[in-house]
Amino acid sequence: MEHFNLGSFLRRKREEKGLTTRDLGKKIGYSYSYIAGVEKGHKVNPSVAFLENYIYAISKNIHEISQIKEEISKGTKGKYYPDFLNVKKNSAQEIESNQSMIKAILNESSPNVMFYEENGLIIDKYFKLPMNDVAFHLNDKYNEKYFRKIKMTDEDRKYIYNLINEYFIRKVEIQLQEIKHNKRNKNIDGEVADNYIKEYEELIKKLNDPNDLKY
């Protein structure tokens, strides 16, 4: 197995974003010389606080944050971010290579990872349950659910679930009609349009099935 070098890994990720050590230093409040020291391996045990600031500054969304932390966790054998050591990975590269719109919609997410602030740091915690999935909470009948201190009844949860589900069905139907319209007007390649149409129709079918799209 290839040796994992944390500093080199961070440098590569930074350079992919087109950031210099000076640019990054201004963003996260560390000197460029300190950042360079970590990247070159002179500082072999950077603090979690430094890594948090570094990762958040070079990432554009939660998916990228989680992906970088998973790689660091695996490379350092759980020394950093142990909660990410055995997380199932849905990489952006896999989504792009498959060119699947549905996979991009459904997979570029972190349903099991919760981020919260503690003592000025952004902490993440991995759960076996999809803690970030609203549908999971609305279908959870074993724990009370609240909205601004108001306890929801079973009827409340079912109504809200159906309301949100219908919203997404309608949203995808509108996107589907836009693709069909662009295909008719030859604003989009026919084969590409057909692939999108097939995937949108499949997603609508899944949304209409209460037993689908579950973790």
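Side notes on the structure shown:
- Sites residue 178 and residue 133, calculated FRET efficiency, Cβ-Cβ separation with R0 30 Å, nearest 0.05: 0.65
- Using Cβ point charges alone (K and R +1, D and E -1), the dipole size of the chain about the Cα centre works out to roughly 560 debye.
- All-pairs Cα distance distribution in the chain, expressed in whole percent, bin size 5 Å: 1, 6, 11, 13, 14, 13, 11, 10, 10, 7, 3, 0, 0
- Computed over segment 134-208, the P(r) curve from all C-alpha pair distances, binned at 5 Å from the origin, holds 3, 15, 20, 15, 11, 10, 9, 7, 6, 4, 1 percent per bin.
- Net lengthening on full extension, residue 49/residue 209 (0.36 nm per residue, minus Cα-Cα): 53.2 nm
- Of the GluC sites (Glu not before Pro) found in segment 1-64, those in coil by DSSP whose Cβ has at most 10 other Cβ atoms within 10 Å are 2.
- Taken as Cα centroids, segment 168-203 and segment 48-83 sit 36 Å apart, rounded to the nearest whole angstrom.
- Based on Cα contacts under 8 Å between residues 6+ apart, the chain shows a relative contact order of 12 percent.
- Entry note, segment 138-215: relative contact order of 24 percent, from Cα contacts under 8 Å with a spacing of 6+ residues.
- Under 5 Å, built H, 5+ apart or other chain: amide partners of residue 123: 116, 117, 118
- For the set 40/69; 74/214; 141/171; 69/125; 13/214; 17/69, the pairs lying more than 23 angstrom apart at their alpha carbons are 74/214; 141/171; 13/214.
- Cβ crowding within 10 Å averaged over residues, with 193-201, 157-165, 136-144 ranked highest first: 193-201, 157-165, 136-144
The numbers here are math on the coordinates, done by the rules we state, and not lab data. Predicted, not measured: the structure shown is a model, and the values here were computed from it. As a convention, Cβ positions derive from the backbone with ideal geometry for all residues, glycine included, and neighbour counts pool all protein chains shown.
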